[in-house]
1. Counting only the backbone N, which residues of segment B:77-114 are under 14 Å from the spot 7 Å out from the Cα of B:SER15 toward its beta-carbon?
2. What distance in nm separates the two pseudo spin-label positions at A:ALA29 and A:GLU79, each 7 Å out from Cα along the beta-carbon direction?
3. Set the bar at 32 Å for Cα to Cα. Now go through A:LYS58/B:LYS55; A:LYS71/B:LYS20; A:LYS22/B:LYS64; A:LYS57/B:LYS66; A:LYS57/A:LYS99; A:LYS99/B:LYS66 and name every pair that lies beyond it.
4. Which value does Rg/Rh take for segment A:38-112 over its C-alpha atoms, Rh per Kirkwood?
5. What FRET efficiency would be calculated for the residue pair B:LYS55, A:LYS71, taking the C-beta separation as r and a Förster radius of 30 Å, to the nearest 0.05?
6. Semi-axes of the equivalent ellipsoid of chain B: what are they in whole Å, largest first, if each equals the square root of 5 times a C-alpha gyration tensor eigenvalue?
7. Compute the projected area of the convex hull of the Cα atoms of the protein assembly as shown, averaged over all viewing directions, and report it in nm² to one decimal place.
Amino acid sequence: GENVEQHPSTLSVQEGDSAVIKCTYSDSASNYFPWYKQELGKRPQLIIDIRSNVGEKKDQRIAVTLNKTAKHFSLHITETQPEDSAVYFCAASKAAGNKLTFGGGTRVLVKP
Amino acid sequence: GAVVSQHPSRVICKSGTSVKIECRSLDFQATTMFWYRQFPKQSLMLMATSNEGSKATYEQGVEKDKFLINHASLTLSTLTVTSAHPEDSSFYICSGIAGAYEQYFGPGTRLTVT
């Protein structure tokens, strides 16, 4: 089955700096890669996603890049703010409506 | 984004009893819903895929007789933890798919078995 590895497990950045989280996946058939943000005790919130037919997608301060050949994708957060502090999860799926396989999560701390 | 609700948000039960958790899609129809379990400071682990009108598909290592799933309508799936034990204490989260790919999560249910 699919295996998703996520790095780093923790990330501490100064407010205003950028944060980058990387994920690799094992199944070349995977074609949908969402990113979720989860605050303590809350539900995971979909913040951005990318499908395999594009290499990059951006939404304001958040961007995701995908390298299908290398089977890795990354989340980039620019101009980080304290409210960006949370746990971020990457995931992969093979098809529409299919189950997600999650990475282990990255705990991001943005220091004021 | 689409809205998924869960009830109850917290539940405490005694060892040996059963607990039912409801997951509802409020503004979309979910042919498929998923149930996850999340232990503290860990990732989400898929337990089962719930399909409306048919039997759920369980992940390897998840006991289907212990975690009963019913998906009776396009907006409601239920998870019943039977004969609960302290090791079943966890955060249970459901999700539904709105559109083709996007998966939206419920707020979760924190189960404590004493």
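1. Residues B:83-89, B:113-114 qualify, since their backbone N sits under 14 Å from the label point.
2. It is 4.2 nm.
3. On the way: A:LYS58/B:LYS55 39 Å; A:LYS71/B:LYS20 39 Å; A:LYS22/B:LYS64 34 Å; A:LYS57/B:LYS66 42 Å; A:LYS57/A:LYS99 22 Å; A:LYS99/B:LYS66 21 Å.
The answer is A:LYS58/B:LYS55; A:LYS71/B:LYS20; A:LYS22/B:LYS64; A:LYS57/B:LYS66.
4. On the way: Rg = 13.2 Å, Rh = 13.7 Å.
Result for segment A:38-112 is an Rg/Rh of 0.97.
5. The computed FRET efficiency comes out at 0.35.
6. Working: eigenvalues 98, 42, 33 Å².
Whole-Å semi-axes of the equivalent ellipsoid: 22, 14, 13.
7. Values: hull surface 48.5 nm².
If I average the Cα hull's projected area over directions, I get 12.1 nm².
Since every read-out is calculated from the coordinates, none of them should be taken as a lab result. All values reported here derive from a predicted model rather than from experimental measurement. Here the Cβ is made from the backbone with ideal geometry for all residues, glycine too, and neighbour counts use every protein chain on show.
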